[in-house]
Amino acid sequence: MSSQNITSIGARYQVKRPQAGSIASNKAAPLRIPRSATAIGGSSRKSLLDYRLKKSSPAASRKSQTTAANIEDSGDIWTTMDDVDAPTGPRSGLLLDPSVKGFSKIMCANRGEIAIRVFRAGSELGARTVAVYSPQDRLQQHRYKSDESFCVGEGLDMTPVDCYLAVDEIVRIAKENNVEAIHPGYGFLSERADFARKCAEEGIVFVGPKAETLDVMGDKTAARVIAQECEIPVIPGTDEAVTTSDQAVAFVEQSGLPVILKAAMGGGGRGMRVVREKDELVDLFQRASSEALAAFGDGRMFIERFIEKPRHIEVQIMADNYGNVVHLHERDCSVQRRHQKVVEMAPSEGLPDETKAAIFADAVKLCKHIDYRCAGTVEFLVDEDGSHYFIEVNPRVQVEHTVTEEVTGIDIVQTQLRVAAGQSLAEIGIGKQEDIHCRGFAIQSRVTSEDPAMNFQPDTGRIEVYRAPGGMGVRMDGAAVVGSVVSPYYDSLLVKVTVKTDCFQHSVQKMFRALTEFKISGVKTNIPFLQNVLLSPTFLSGAVNTNFVDETPGLFDLPMGKDRPTRLLTYLAEMVVNGPDHPGAVGQPPENVVPVVPAKPAEVDMRPGWKQVLEDKGPKEFAKAVREHKGLLLTDTTWRDAHQSLLATRMRTYDMKQAAPYTSHALAGAFSLEMWGGATFDVSMRFLNEDPWERLEILRKAVPNIPFQMLLRGTNAVGYTTYPDNVVKSFVKEAVKRGVDIFRVFDSLNYIENLKFGIEAVHEAGGVVEATICYTGDVSDPGKTKYTLDYYLEFARELVACDVHILCIKDMAGLLKPEAARTLVGALRAEFPDIPIHVHTHDTAGVGVATMMAAAEAGADIVDCAQDSMSGLTSQPSMGALVASLKYAWLRMCGLVAGVVTGSNHSAAMKTLAYSSDGSI
């Protein structure tokens, strides 16, 4: 080992246990750690803790060496940081009761709150404590609550879970560091007989049942056989573990449905599924088996008939090495979610005394029959008629052991350690059943980092705020602190809250108060769900069963947590440290400039536009008038597709309303304003908190002379899934009633049936049908053979056969080149000379203006564009650029007057244009 036995870090020293053999010492700065501090007085060992650690240089650390024998003689243990990386000083328990037999050093082969629970119990019994941790858990609290900690899996090919299942590594660490006993906690290795055997082989005490007991009780099928030997009622099920889905099918064919699949070698809801339909059996079996294999290293399954609406009652057992067995009364664990317990109580509210007595007797009888040792839980289902059925034995300490400790006053984990050290129940003080009394009522709630609104999906992240409740009768068992990282690798339990009062109702009140005091941010929690459970009339009646959560949808009516203080403080901190360019910011604060909206000339009345033509003549004559118009008509997309493409549809109704009066005047001759549909509906409600119908009514009132146009996704309407036919048709009728005139009906895959339904809906509502051809490929390239000119012409024929009013070419990807536009529009115009053609593109490639000019030259009647400030890139081509490019051309445009939508660079050119009464230039 290193000769430098004490390592200086700044002005502090960190110490740890060295390897056996020669141990370095430092005479100049002795660190005195009593092997165990026993009763004050009457002991040759040092009383209480007498630690002294003075600063010394590394050179002084190397000056002297002493032998292990000398240290043994002094009764001290020296530790250094050569082998353990734990930034804590040494600790040792204070034991004032000399009658207690215990271990000098124990390990917990687990993590999180149960490891801390074991360390606390061990310290109170005078033992030093040892933690193991995975590389992913290097900052977790359980390793800092121990006297020593060791990493498992560093540099090895192990998953985060495998590190806590590595039997050989854990036993090696224990043996090398003189650990006398290993407590397995719950989960991981707690029910592994091979782990118990390995401990025994290496001379280490396994704090739990004997390996032979784990062989039997860890296997649910074997446990079931033993229960039958004891004449304890069992639910019909498989007598042996099932390994294939074929065996599961055979059992169901013989015994019927529903059945429940359980992991043969595990618990805690892992590897458990309820099967109600035969066609689900194979899939659910495979899922459950895979989950069991991942959690317990064994994919074998046990199958039994599923009892509807039972209560889940379990009996806490404690047994010593001398055949003595007592029960610590019962717990009610009926509040479950996906077979995982959520809220536990002791005792069971409303369970008849005769039922309790029968369950207690069966639990003790079973454990005596198998010569059980240490703590365990015998679990039962209690039917509505009071009949009870054996489920399984959990040969370990349970998550919910805290409620039993509260009502009996017995420290279950300490009792485990004392029994493992050889004490009898009588020596511990519970030699007879009469010594154990149940007083008061306790409830435990498991606070987890799960989101109940998302089917309890586990959340991960760093805990930014953690404030826990307290007060009389409130107990906290957890491993979470501010800064803790909740990883995706392990169970989502943050803390267990246990309360105790004199009765059920008072405990519910205290638990609700405790949950309300919590303040946790950084990860989502199930606290709102737990509060709903406590407030449920069914729960308050005490008559809950295992179906309670599934049958009470009101439990999921959860308030939305805003956590404004944390978000505001985080934002302010980011601004102070990183400025306006920190991640998530949108850049410099906006300038304090109020945009000036041009005023509509007071002396000018509303200029009639194409809206009046539509109202006077109807959709068919309207389309005919558009076709006969001698000029290129424009659709302005600024109020819909332009800001959807550039601003994620975040333009507000308020902003549009300010510009609406002048828009009505300046674009009076425009074909339409595209201002609704697409993502507008979704974003208005979910992000802008606006009513899209209200937007439609407000703008219709402000712009009465220009037709409004929207995008309709066929059977999808304006959503992202299909809707019933009557819903879509009613929606279209309401849209027409509120102000939409022209419906651009499209399907991104050109699926004609979807388009036909949309066309039919618009016809029935009395709107203008603009049927869409979605464009892709390149019709100007002879080498492209899939989306050819013939493909588009054939599709157009199908659309025209549906009696549409306008044909639209919708180029959503900006692929339409000028030559391709000329080819496609020219071919459509030649075949359909009487139908208006409308062209839509995105200026992603930068050729949008040229494409629109080519389309107009080939015979298009209408093109889409956007106001200059909202054009280009993924939006539509610039209206100003298009107008300027067509100035002096033989093409005729309508409805544009001086300076209406262009920037100052176009104002001079726009002033040369004059509006005429027939809408031409």
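The values are calculated or read from the model by the stated rules, or taken from the named source; none is laboratory data. Remember, it's a predicted structure, so these values are computed and weren't measured experimentally. When we count neighbours, we look across all protein chains shown, and the Cβ atoms used for this are built from the backbone with ideal geometry, even at glycine. The accessibility values were calculated without ligands, DNA or RNA, using every heavy atom of the protein model including side chains. Shrake-Rupley method; radii C 1.70, N 1.55, O 1.52, S 1.80 Å.
Things worth noting here:
- Relative to the current alpha-carbon distance between E798 and L94, full extension at 0.36 nm per residue lengthens the span by 244.5 nm.
- For V597, V152, the ranking by accessible surface with the largest value first comes to V597, V152, using a 1.4 Å probe.
- The distance from the alpha carbon centre of the range 499-553 to that of the range 562-600 is 40 Å, rounded to a whole number.
- Ratio Rg/Rh, restricted to the range 753-794 and using Cα atoms, in which Rh is the Kirkwood radius: 1.16
- Value of Rg to Rh for the range 483-536 (Rh from inverse mean 1/r over Cα pairs, i.e. Kirkwood): 1.03
- Whole-Å distance, taken between Cα centres, linking the range 738-780 and the range 386-420: 68 Å
- The calculated FRET efficiency for the pair D790 and Y751, based on their C-beta separation and a Förster distance of 22 Å, comes to about 0.75.
- Computed from the alpha carbon atoms alone, the convex hull of the chain holds 239 Å³ per residue.
- Check: the range 601-664 dipole with +1 on Lys, Arg Cβ and -1 on Asp, Glu Cβ, in debye: 240 debye
- Note on exposure: C367, C438 ranked by accessible area (1.4 Å probe, complete protein assembly) read C438, C367, with the most exposed listed first.
- Sorting D411, D778 on solvent-accessible area from highest to lowest, probe radius 1.4 Å, gives D411, D778.
- Rounded to the nearest 20 debye, the dipole size of the range 475-614 about its Cα centre is 220 debye, using +1 on the Cβ of Lys and Arg and -1 on the Cβ of Asp and Glu.
- Accessible area in square angstrom per residue, the chain, 1.4 angstrom probe: 42 Å²
- Rounded, prolate or oblate (a/c below 1.5 giving rounded, otherwise prolate when a/b exceeds b/c) for the range 304-360 by Cα gyration tensor: prolate
- The magnitude of the dipole of the chain, with charges of +1 and -1 set on the Cβ of Lys/Arg and Asp/Glu and taken from the Cα centre, is near 3280 debye.
- Over the range 183-225, relative contact order from alpha-carbon pairs under 8 Å, at least 6 apart, %: 39 percent
- Judged by the ratio a/c of the largest to the smallest principal axis of the C-alpha gyration tensor, the range 161-279 counts as prolate, that ratio being 1.5 or greater while a/b is larger than b/c.
- Listed pairs K496/K519; K210/K365; K101/K220; K341/K510; K365/K496 exceeding 24 Å between Cα atoms: K101/K220; K365/K496
- Loop-resident sites, the range 526-598, for GluC sites (Glu not before Pro), counting at most 15 other Cβ within 10 Å (DSSP): E551, E591
- Cα-only Debye scattering, the range 558-686: base-10 log of I(q)/I(0) at q = 0.11, 0.13, 0.15, 0.19 Å⁻¹: -0.65, -0.81, -0.96, -1.26
- Sparsely packed chymotrypsin sites (Phe, Trp or Tyr not before Pro) within the range 729-834, loop by DSSP, other Cβ within 10 Å at most 16: Y751
- Overall form of the range 335-384 per C-alpha gyration tensor (a/c, 1.5; a/b vs b/c): oblate
- Quotient of C-alpha Rg and 2.2 N^0.38 Å, computed over the range 95-186: 1.06
- Positive-end residue, the range 476-612 charge dipole about Cα centroid, Cβ charges, pick of G584, S507, V544: S507
- Over the C-alpha trace of the range 585-637, radius of gyration and Dmax come out as 19.3, 52 angstrom.
- When you filter the trypsin sites (Lys or Arg not before Pro) in the range 274-346 for DSSP loop state and at most 12 other Cβ atoms inside 10 Å of their Cβ, you are left with R276.
- In the chain, helices alone account for a calculated mean residue ellipticity at 222 nm of -10000 deg cm²/dmol, with every DSSP H run of four or more residues adding -39,500 (n - 2.57).
- The chain - percent of accessible surface contributed by carbon and sulfur, probe 1.4 Å: 52 percent
- D (Stokes-Einstein, µm²/s), Kirkwood Cα radius, the range 292-422, 0.692 mPa s at 37 °C: 211 µm²/s
- Seen against the Cα atoms of the chain and their longest principal axis, helix 112-124 is set at about 20 degrees.
- Positive-end extreme of charge dipole, the chain - chosen from L95, L711, V171 (charges on Cβ): L95
- Antiparallel bridges, percent of DSSP beta bridges restricted to the chain (to nearest 5): 60 percent
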